[in-house]
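Q: Below are the structure tokens for one structure; questions will follow.
The values are calculated or read from the model by the stated rules, or taken from the named source; none is laboratory data. These numbers were taken from a predicted model, which means no experiment stands behind them. Neighbour counts run over all protein chains shown; Cβ positions are idealised from the backbone, glycine included. Please note that ligands, DNA and RNA were not included when accessible areas were found on the heavy atoms of the full protein model with its side chains. Shrake-Rupley method; radii C 1.70, N 1.55, O 1.52, S 1.80 Å.
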Amino acid sequence: MSDLTSSMGWSLDGVTIHPLPGGKSKPIDISNSILFFDYFEDILQPSVSASIRIVNSYSLVSELPIRGGEKVEITIDSPMGSVFHNDRFELVMYVYKVVGVDAENFKDEFELKLTTAEHFLNEQTRCMKKYFNTNIDAHVKDIITNVLYGNSDVDDQKDILAEETANTYSFIGASKKPFHALEWLGVKSISKLGSGGTSGQDKTGENKGTAGFLFYENQAGFNFRSIDSLVTGSQIGATGNTTFEYFYKGKVIEHAKLSNRSKIINYQFEKNIDLRKAMSIGMYANETYFYDTYNNQVSLYTYNLQEETKDATKLGKEDKIFVKSEYTSNSTRSLFRFSDHGTLGSDGTLGDSGRDDGDMAKSFSRYNLLFTQALNISVPCNTKLKVGDMIYCEFPRMEAGQPKDVDSETSGNYVIRNLRHRIAANQNVTYLKLMRDSYGLYGPDE
């Protein structure tokens, strides 16, 4: 049994390193040599990672030896369980780096950096073929199944959680790495939860709907999800899909107690609104000049985020984004795009990729809106949490230095952007960075 234990059943039950073929030793269980274990997920990263700090009375790096690529099996006995188990959290990862080696005072201390097998597969594979015009979520499944895993010997392939898109797309792989291609497709994807396409005739039109998907990995598998779906049913006071609720009541002492599981240990708002940046990138109003290279015609498409999201599901309680009308009446950014007519027709016709003319303008507006607010919190370790989950956080309103009622501006639903589970002696904590859109921060429309 590991020394890394605390009350309520937490223990780092087994951490086994398997040497590379031809190594000097057999698999070694290093559970009793670990100072701490960190597990990381990020909604902007296509693979999860981990870090282990080890201290030994002998040189493990030389003994195995550790050269990179060693398989590491990790089992954590967890009272919270995980997505796949009720009583434990299991991982299989691989060493990609050894850092912080310190061999002083007759002990060997260092840190192992770990990543997934899929991360290495991504570096060895490429999207080479032409992908015909079909729903983008079908391309996502095809790339993961037939390119990433295509020629691999990975036995336990991860689940693919791909949300159906409203639009189709055709493209040429052009030797893109799988993860690069999947992130690239996210910008061009439009959710079925909103409206898509363009309205207007001839040289002018109005972009409709919101675009923007995120490709990331969490403990449940690979996710390809729209921003709209991340916040579905999440208005304050509505019945949403919030998985956990957390409350700040002041300093948490002995956070391993069952009664403290839902308490926030610490919190800090990293950023709030930045109106200058929002206007400079055209977040609220922008325009796209689109040149049809075959018909030699220029079209202009305008986009207004406030109008396109007024009926959309939101993370806040307001019915729409409140921004001064003078900031949204005129476009604050212009984009220029070229069509690909005549390049991707399968039968020699003047077909195109099928992309929406204003997909980029839609997507960067929606991305930036979601990332407007950032909140860092720490809570008692909860290995069921994962990036992409929505959680409810409640904070008190301060008056004369004393907590009063619930702060309606800062409290509410947030989406987990990244997380770190730290397992250490008597210090099992989950650190979360949360995000949400900025509804109601600018005051009433003028």
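Q: How many residues are closer than 16 Å to Asn167 by Cβ, at pLDDT below 70 and not in a strand (DSSP E or B) if we restrict to region 206-239?
A: Looking only at that region, the number is 3.
Q: A further question on this structure: Within region 377-400, can one find any residue that is farther than 30 Å from Tyr431 by Cβ, at pLDDT below 80 and not β-branched (Val, Ile, Thr)? Explain how you work it out, then say what you get.
A: Initial filter on region 377-400 (farther than 30 Å from Tyr431 by Cβ): 400.
Next, from what is left, pick out any that are at pLDDT below 80: 400.
Applying the additional criterion that residues be not β-branched (Val, Ile, Thr) yields 400.
Yes - at least one qualifying residue is present in region 377-400.
Q: Working only within region 240-264, note down all residues that are over 23 Å from the mean Cα position of the chain (by Cα) and either among the aliphatic types (A, V, I, L, M) or at pLDDT below 75 (or both).
A: Correct list: Gly250, Lys251, Val252, Ile253, Glu254, His255, Ala256, Lys257, Leu258, Ser259, Asn260.
Q: For Asn296, which of the numbered conditions (1) in contact (Cβ under 8 Å) with a residue 24 or more places away in the chain; (2) open to solvent by 30 Å² or more (accessible area, probe 1.4 Å) fails to hold?
A: (1) is the only condition that Asn296 fails.
Q: Could you count how many residues in region 139-157 are touching a residue at least 12 places away in the same chain (Cβ under 8 Å) and open to solvent by less than 60 Å² (accessible area, probe 1.4 Å)?
A: 10
Q: Okay, next question. Among the residues of region 67-84, how many are open to solvent by 50 Å² or more (accessible area, probe 1.4 Å) and within 21 Å of Asp29 (Cβ to Cβ)?
A: Going through region 67-84 one residue at a time, the tally reaches 3.
Q: Same structure, new question: Taking the conditions exactly as written (over 30 Å from Trp184 (Cβ atoms), of a type in the set (S, T, N, Q) and under 23 Å from the mean Cα position of the chain (by Cα)), does Ser78 satisfy them or not? Steps first, answer last, please.
A: Values: over 30 Å from Trp184 (Cβ atoms): yes; of a type in the set (S, T, N, Q): yes; under 23 Å from the mean Cα position of the chain (by Cα): no.
So Ser78 fails the test.
Q: Out of (1) modelled with pLDDT of 85 or more; (2) part of a strand (DSSP E or B), what's the single condition that is false for Glu270?
A: For Glu270, the failing item is (1).
Q: So how many residues does region 1-17 have that are surrounded by fewer than 18 Cβ atoms within 10 Å (Cβ to Cβ) and modelled with pLDDT of 85 or more?
A: 2
Q: For a quick check of your reading of the model, give me the residue pairs whose first member lies in region 106-119 and is open to solvent by 10 Å² or more (accessible area, probe 1.4 Å), whose second is β-branched (Val, Ile, Thr), with beta-carbon atoms closer than 6 Å and at least 6 apart or on different chains.
A: Lys107/Val55; Glu109/Val55; Glu111/Val99; Ala117/Val154
Q: Among the residues of region 174-205, count how many are buried (at least 17 other Cβ atoms within 10 Å of the Cβ) and modelled with pLDDT of 90 or more.
A: Qualifying residue count for the region: 9.
Q: Sticking with this structure for a sec: Here is a check on your reading of the model: is Thr293 modelled with pLDDT of 70 or more, of a type in the set (Val, Ile, Thr) and within 30 Å of Leu432 (Cα to Cα)?
A: no
Q: Out of the residues in region 301-348 meeting the condition of being of a type in the set (Lys, Arg) and at pLDDT below 80, tell me which one is least open to solvent (accessible area, probe 1.4 Å). Spell out how you get there, then give the answer.
A: Of all residues in region 301-348, those of a type in the set (Lys, Arg) come to 310, 314, 317, 320, 324, 333, 337.
Filter once more, so that each one left must be at pLDDT below 80: 310, 314, 317, 320, 324.
Working: Lys310: 92, Lys314: 8, Lys317: 104, Lys320: 67, Lys324: 63 Å².
Checked region 301-348; the qualifying residue least open to solvent (accessible area, probe 1.4 Å) is Lys314.
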